[in-house]
Amino acid sequence: MQLYDALSLDKSLPKRKYLDRDATLAAEPNLAPEGLAGAWRFYDAQVPFVERLVIENVIDAAEHGAVVLNHAEAMTYLRDGDAVTGAVVRDRLSGQGIEIRARFTVNATGPWLDRTLQPLRDGATPLLRLTKGIHLVTPHATQQAHVLFAQQDGRLFFVLPWLDGTIVGTTDTDYVGDPGDAAATEDDVRYLREAAHRAFPNAPFDEIHFTWAGVRALVREEGVRESEVSRKHALYDHQKRDGTRGVLSVVGGKITAYRDIAEETTDAVSRRLGRSAASTTATTLLPGARPRPGEGSGAAAPDEALAELWPVYGTRAADVLALGRRSG
Ligand SMILES: Cc1cc2nc3c(=O)[nH]c(=O)nc-3n(C[C@H](O)[C@H](O)[C@H](O)COP(=O)(O)OP(=O)(O)OC[C@H]3O[C@@H](n4cnc5c(N)ncnc54)[C@H](O)[C@@H]3O)c2cc1C
């Protein structure tokens with residue numbers, strides 16, 4: 001807790017507080033009372049729709065003049081001697097191949113990185129250690145968000161209110177294969193259900209709406225348990241390491257730090273292109289967080305129809321509603 005305070009000195013959220021046993025049970029009546037001494041209450045942020053966060057960044061990039069292609073799979077690199085000069089991309093909707101030329105190429109394919117680097121680093125030691133994490137989505141089970149430790153192995157896991165339900169997650173097990181094929185196994189589900197049931201014996205964790213699985217891209221580290229591998233990120237300079245110019249890879253990294261990682265990457269590319277524009281990422285709001293004329297960014301939605309869209313689109317909700325009305 002003290003480390004948490006030290007690392008978030010300038011945070012805008014309320015301070016942590018110790019709750020004794022009675023206060024803990026008052027805040028979370030479903031919690032198993034046996035052996036309970038108390039709890040620390042602290043505050044953190046949650047991104048309920050991570051895919052929207054991606055879209056917000058894509059919209060922002062397009063508004064700044066980027067050409068954005070989705071359903072576009074990079075198949076291989078364009079090469080000129082020892083330099084990468086772009087990529088061949090396949091439009092997965094039309095099947096059409098497109099050559100994209102670039103003065104500099106960044107590979108940010110997350111857990112697919114070693115696969116997408118194969119044409120450049122064939123046979124080289126992988127850069128990543130992949131671990132799978134799954135989540136359960138169950139009916140509403142708790143009042144608060146909880147950080148708990150699983151009795152089976154002492155690992156940290158979460159029980160989080162999410163929309164009208166609850167997320168229980170996650171697991172952390174080594175993974176081999178295409179990250180797109182990751183799925184929850186019965187063992188994964190049993191592990192989380194047992195761990196969560198121990199803390200909340202009467203909660204509806206047997207009623208699972210759905211599960212989902214993802215694969216973490218961790219900077220390769222051997223000889224330690226999956227959950228002990230650092231969550232740090234690294235920029236891999238192919239010129240320094242493999243003698244290939246014109247390309248940089250982003251290895252690992254948490255989404256919490258994504259803007260900082262993006263800034264570091266963009267600065268590194270700018271230096272290589274001989275540019276020195278100051279980055280404004282740290283102080284730039286995403287499109288849905290920008291105030292519209294006459295509104296504050298935290299303003300309540302002005303009418304009921306927008307209230308539904310507001311948590312998803314923020315200040316862009318009115319545009320989305322207008323689009324919906326235009327298309328009937
Ligand atoms: C179970 C789990 C729990 C997590 N919990 C947290 C958490 O609580 N907090 C946190 O900060 N982070 C968490 N993370 C980590 C977080 O998900 C990652 O930090 C984040 O997704 C990394 O973003 P990225 O864009 O680098 O990679 P990704 O989100 O993996 O995106 C990579 C993209 O590359 C695309 N791609 C792959 N191959 C190609 C190709 N050939 N051509 C074109 N595109 C391609 C993929 O389709 C994908 O869209 C968690 C991860 C997992 C798996």
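The values are calculated or read from the model by the stated rules, or taken from the named source; none is laboratory data. Note that the coordinates shown come from a computational prediction; the quantities given were computed from them, not determined experimentally. Positions of Cβ are generated from backbone atoms using ideal geometry, with glycine treated the same way; all protein chains shown enter the neighbour counts. Calculation scope for accessible area: heavy atoms of the full protein, side chains included, ligands and nucleic acids excluded. Shrake-Rupley method; radii C 1.70, N 1.55, O 1.52, S 1.80 Å.
For Thr138, only one of the following conditions fails: (1) farther than 18 Å from Arg41 by Cβ; (2) in a strand (DSSP E or B); (3) open to solvent by 60 Å² or more (accessible area, probe 1.4 Å). What is its number?
Checking Thr138 against (1) farther than 18 Å from Arg41 by Cβ; (2) in a strand (DSSP E or B); (3) open to solvent by 60 Å² or more (accessible area, probe 1.4 Å), the one that fails is (3).
Across region 210-232, which residue is surrounded by the fewest Cβ atoms within 10 Å (Cβ to Cβ) among those that are without any contact (Cβ under 8 Å) to a residue 40 or more places away in the chain and either more than 19 Å from Phe157 (Cβ to Cβ) or among the small types (Gly, Ala, Ser) (or both)?
Of everything passing the filter in region 210-232, Gly223 is surrounded by the fewest Cβ atoms within 10 Å (Cβ to Cβ).
Quick one: would you say Thr166 is outside the structural domain of Arg79 (by TED's automatic domain parsing), under 29 Å from Gln143 (Cβ atoms) and in contact with an Asp or Glu (Cβ under 6 Å, 6 or more places away or on another chain)? Please lay out each step first, then the result.
On the way: outside the structural domain of Arg79 (by TED's automatic domain parsing): yes; under 29 Å from Gln143 (Cβ atoms): yes; in contact with an Asp or Glu (Cβ under 6 Å, 6 or more places away or on another chain): no.
No, not satisfied.
Whether any residue in region 64-73 is farther than 30 Å from Thr280 by Cα and open to solvent by less than 80 Å² (accessible area, probe 1.4 Å) is what I want to check.
First, pick out the residues of region 64-73 that are farther than 30 Å from Thr280 by Cα: none.
Looking through region 64-73, none of the residues is farther than 30 Å from Thr280 by Cα and open to solvent by less than 80 Å² (accessible area, probe 1.4 Å).
So which residues in region 267-296 are open to solvent by less than 60 Å² (accessible area, probe 1.4 Å), more than 16 Å from the ligand (Cβ to nearest atom) and part of a helix (DSSP H, G or I), if there are any at all?
Matches in region 267-296: Asp267, Ser270, Pro287, Gly288, Ala289.
Scan region 112-141 for residues that are over 23 Å from Lys240 (Cβ atoms) and near the ligand (Cβ under 10 Å from one of its atoms) and jot them down.
Residues of region 112-141 over 23 Å from Lys240 (Cβ atoms): 130-141.
Across region 112-141, the qualifying residues are Leu130, Thr131, Lys132, Gly133, Ile134, His135.
List the pairs whose first member sits in region 175-200 and is closer than 22 Å to Gln144 by Cα and touching a residue at least 60 places away in the same chain (Cβ under 8 Å), whose second member is open to solvent by 20 Å² or more (accessible area, probe 1.4 Å) and within 16 Å of the ligand (Cβ to nearest atom), and whose Cβ atoms are under 6 Å apart, counting only residues at least 6 apart or on separate chains?
Short answer, once both residue conditions are applied: Ala199/Leu148.
If you check Asp44 against the conditions, is it open to solvent by 50 Å² or more (accessible area, probe 1.4 Å) and more than 25 Å from Gly165 (Cα to Cα)? Show your work before the answer.
Working: open to solvent by 50 Å² or more (accessible area, probe 1.4 Å): yes; more than 25 Å from Gly165 (Cα to Cα): no.
No, not satisfied.
Read through the list (1) within 16 Å of the ligand (Cβ to nearest atom); (2) under 23 Å from the mean Cα position of the chain (by Cα); (3) hydroxyl-bearing (Ser, Thr, Tyr), then give the number of the only condition that Ser12 fails.
Here Ser12 meets the rest and fails (1).
Which ranges mark the strands (runs of 3 or more DSSP E) fully within region 207-266 that have 2 or more residues being within 11 Å of the ligand (Cβ to nearest atom) and modelled with pLDDT of 95 or more?
Working: elements: 210-219, 233-237, 247-252.
Fully inside region 207-266 and qualifying: 210-219, 247-252.
If I filter region 263-276 for residues that are hydrophobic (A, V, I, L, M, F, W, C) and in contact with a Ser or Thr (Cβ under 7 Å, 6 or more places away or on another chain), do I get at least one hit? Explain how you work it out, then say what you get.
So the first thing to find is which residues in region 263-276 are hydrophobic (A, V, I, L, M, F, W, C), and the list is 268-269, 273.
Going one step further and asking which of them are in contact with a Ser or Thr (Cβ under 7 Å, 6 or more places away or on another chain), we end up with none.
No, region 263-276 has no match at all.
Any idea which of (1) hydroxyl-bearing (Ser, Thr, Tyr); (2) assigned by TED's automatic domain parsing to the domain that holds Val54; (3) without any contact (Cβ under 8 Å) to a residue 40 or more places away in the chain is the one Thr116 doesn't satisfy?
Going through (1) hydroxyl-bearing (Ser, Thr, Tyr); (2) assigned by TED's automatic domain parsing to the domain that holds Val54; (3) without any contact (Cβ under 8 Å) to a residue 40 or more places away in the chain one by one, Thr116 breaks only (3).
Tell me the residue from Val137, Val88, Val106 that is in contact with a helix residue (DSSP H, G or I) (Cβ under 9 Å, 6 or more places away or on another chain), at pLDDT 95 or above and among the hydrophobic types (A, V, I, L, M, F, W, C), please.
Working: Val137 fails: in contact with a helix residue (DSSP H, G or I) (Cβ under 9 Å, 6 or more places away or on another chain); Val88 fails: in contact with a helix residue (DSSP H, G or I) (Cβ under 9 Å, 6 or more places away or on another chain).
Just one listed residue meets the conditions, Val106.
For region 74-111, how many residues meet the condition of being open to solvent by 40 Å² or more (accessible area, probe 1.4 Å), more than 10 Å from the ligand (Cβ to nearest atom) and small (Gly, Ala, Ser)?
4
Run Leu31 past the list (1) assigned by TED's automatic domain parsing to the domain that holds Ile261; (2) more than 30 Å from Val320 (Cα to Cα); (3) of a type in the set (A, V, I, L, M, F, W, C) and report the number of the one that doesn't hold.
(1)
Which one of the conditions (1) closer than 19 Å to Val247 by Cα; (2) in contact (Cβ under 8 Å) with a residue 60 or more places away in the chain does Val47 fail to meet, given that it meets all the rest?
Among (1) closer than 19 Å to Val247 by Cα; (2) in contact (Cβ under 8 Å) with a residue 60 or more places away in the chain, Val47 violates only (1).
Tally time: how many residues in region 165-224 are of a type in the set (Gly, Ala, Ser) and over 30 Å from Ser249 (Cα atoms)?
At the first step, the residues of region 165-224 found to be of a type in the set (Gly, Ala, Ser) are 165, 169, 177, 180, 182-184, 195-196, 199, 203, 213-214, 217, 223.
Now drop any that are not over 30 Å from Ser249 (Cα atoms), which leaves 165, 195-196, 199, 203.
Residues that pass the stated criteria total 5.
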